[in-house]
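What follows is a single structure, written as structure tokens, with notes after it.
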Amino acid sequence: MTYRLKQQIWLLILVFATTGALAQNHIFSLEEARQFAMENSYVLKNTRSDITLAQKEVWKTVTIGLPQVSGTANYNKFLDLPVSLIPGEFFGEDAGTYIPVKFGQDYSSDFGITVSQLIFDGSYIVGVNSTKIYLNLAKHAHEKTEVEIRDAVTQAYYMVLIGQQNQKVMEDNLENVKKLFFETKAYYDNGFREEMDVDQMRILVKNAENEILKAEREIAIAKVVLKYAMGFQMDADIELSDNLDKFLQPLTSSGTSSSFDISNHIDYRLATNNFQVSEKLLKLEKVAFLPSLSGFYSYSKTAYGNHANLFKSSVSWFPSSLVGLQLSIPVFNSGQKVFKVQQAKIDLEKAANNRMLAETTLQKDYLTAVAEMESAIEKYDNDLENRQLAEKILEKSKIKFNNGLTSSTELSQLETQYLQTYGSYVGSVMQLLQADLKLKKAMGEL
């Protein structure tokens, strides 16, 4: 074996290994698909950013009550010194006359620092407490979005699985119909069948091929929806490792027994959070009637001169400092604050009503989901039995057709009946899986 040939073989092995690794990375179970969506969904990336922004807002509010330090520096040149009028009698002039006198020097400079500290402000106290509620609101909104993404991923995953199973059944059906077609054509060629029988079988073959094409398109569309919900790249292929039986078997064997704790549901917690926000906003408007108190300390130095350079050692700098308290008392604002309090009370009443509405809605959704789950199980059982019966009838009819005991028209009708019952079965499977999702979502367990 030449060296060049060895290189080509190793290159092929490397390509196949890499392709296999990539394909493996694109195979997802339902739980893996959900986890991928939690990490890569663009919507969730934005809600995580909202949580970070809320955390920054908390610290921004807290810093308002921490010491504040500011510094100032000025350098000035008078183009024209200010003039003051001095009574003339001070200089021996007649009474009633004034002498213009310029005070000051051409250049001046000063610098200083001011330190202030908020001592009491009701709005600040309420604001700091409110920031934690706003942070919880952002976290709950993120959790709500996670639930919606998991729901979307799960439904799309189910659609792909159902499409794949449907395609497999259609392929098996096509194989059986082709077999019948070739057998019927062979009988016709030997004079044991009519041409109409051959044409009828050819129609069944074409219909079966169309059903496969339809199933392939449905799978392709379902995969696009799944990749979109997951935040997966659209130009990459994706495969599923779970099968329908994994999800159907527990639903058809366990029934609909479940418990419901409304306090755990994200929608109820969001409504409660909004109610708490309205409570804090009302308190914020009420404390606006309280005074605020802050302390401050200021220190500065100033220099003057008739020359531009004030930073020579011969120039004197004169210090000054000040310490004090500042009290701000709201006295009269034409009733503006009163109206704000009244508006906040109305908003609080609305938030309370919304929380009660959320509680009632969640109870209604739960009871409805339980009833729909029971109906879905019953429909699934019936459609499964009908499909099995239609399949059994079709198989017997094929045997009769091969033995010349039934016509191709009757066989075609039974084939159509089987496809219809199978279509109903597929619909009931999807209805059952969606009912399970709806029940889990109503219980806050998704």
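Checking (1) 1.85; (2) 1.18; (3) 0.97 against Cα Rg over 2.2 N^0.38 Å calculated from these atoms, the matching label is (1). Semi-axes of the equivalent ellipsoid for the range 40-88, computed as √(5λ) from the eigenvalues of its C-alpha gyration tensor and ordered from largest down, come to 56, 16, 9 Å.
Counting alpha carbon pairs within less than 8 Å and at least 6 residues apart, what relative contact order, in whole percent, applies to the range 178-269?
Averaging sequence separation for qualifying contacts and normalising by length gives 14 percent for the range 178-269.
Of all the options 338, 43, 277, the one that moves most in a Gaussian network model of the chain with Cα springs shorter than 10 angstrom is 338.
With the convex hull of its Cα atoms as the shape, the range 123-195 has an orientation-averaged projected area of 6.9 nm². Note on the range 241-349: dipole from Cβ charges, positive end direction compared against 306, 288, 335; the farthest Cα belongs to 306. Diagonalising the gyration tensor over the Cα atoms of the range 256-315 and scaling each eigenvalue by 5 before taking the square root yields semi-axes of 65, 19, 9 Å, largest first. Entry note, the chain: relative contact order of 21 percent, from Cα contacts under 8 Å with a spacing of 6+ residues. Against the longest principal axis of the chain, how steep is helix 195-230, in degrees 0 to 90 to the nearest 10, with axes from Cα atoms? On a 0 to 90 degree scale, this one is about 20. Just to be sure I understand: of the beta bridges DSSP finds with both ends in the chain, what percent are antiparallel, rounded to 5? Around 95 percent antiparallel, to the nearest 5. Per residue, the accessible area of the chain comes to 61 Å² when a 1.4 Å probe rolls over the protein heavy atoms. Separation of the range 383-446 from the range 173-188 is 22 Å, based on Cα centroids.
With contacts defined as alpha carbon pairs under 8 Å and 6 or more residues apart, what's the relative contact order of the range 100-216 in percent? Computed value for the range 100-216: 25 percent relative contact order. Largest GNM mean-square fluctuation across 293, 282, 327, computed for the chain with C-alpha springs under 10 Å, falls on 327. Measuring max minus min along each principal axis, the C-alpha atoms of the range 124-243 give extents of 99, 23, 19 Å (largest first). GNM remark for the chain: springs join alpha carbons under 10 Å apart, and the peak mean-square fluctuation among 403, 386, 274 falls on 403. The share of alpha-carbon pairs in the range 369-446 lying farther apart than 19 Å comes to 49%.
The helix-only estimate of mean residue ellipticity at 222 nm for the chain, built from DSSP H runs of length n ≥ 4 each weighted as -39500 (n - 2.57), is -24000 deg cm²/dmol after division by the residue total. For the range 168-256, chymotrypsin sites (Phe, Trp or Tyr not before Pro) are listed when DSSP marks them as loop and at most 16 other Cβ atoms sit within 10 Å of their Cβ; the list is 192. Considering only 107, 136, 54, the residue lying farthest towards the positive end of the dipole of the range 54-170 is 136, judged by Cα position with unit charges set on Cβ.
Kindly flag which residue pairs out of 132/337; 185/396; 283/441 have an alpha-carbon separation exceeding 28 Å in this structure. Distance filter (> 28 Å) returns 283/441. Here the range 350-440 is treated with +1 on each Lys and Arg Cβ and -1 on each Asp and Glu Cβ, and its dipole about the Cα centre works out to around 220 debye.
Size estimate for the range 324-424 follows the Kirkwood approach: the inverse of mean 1/r over distinct Cα pairs works out to 20.5 Å.
Across the accessible surface of the chain, with the other protein chains kept in place and a 1.4 Å probe, carbon and sulfur atoms take up 57 percent.
Shape summary: the range 185-245 maps onto an equivalent ellipsoid whose semi-axes, from the alpha-carbon gyration tensor, are 43, 11, 8 Å in decreasing order.
The values are calculated or read from the model by the stated rules, or taken from the named source; none is laboratory data. Only a predicted model underlies this, so the values are computations on that prediction, with no experimental measurement involved. Reconstructed Cβ throughout: ideal geometry from the backbone, glycine too, with neighbour counts over all protein chains shown. SASA here: full protein model, heavy atoms, side chains in, ligands and nucleic acids out. Shrake-Rupley method; radii C 1.70, N 1.55, O 1.52, S 1.80 Å.
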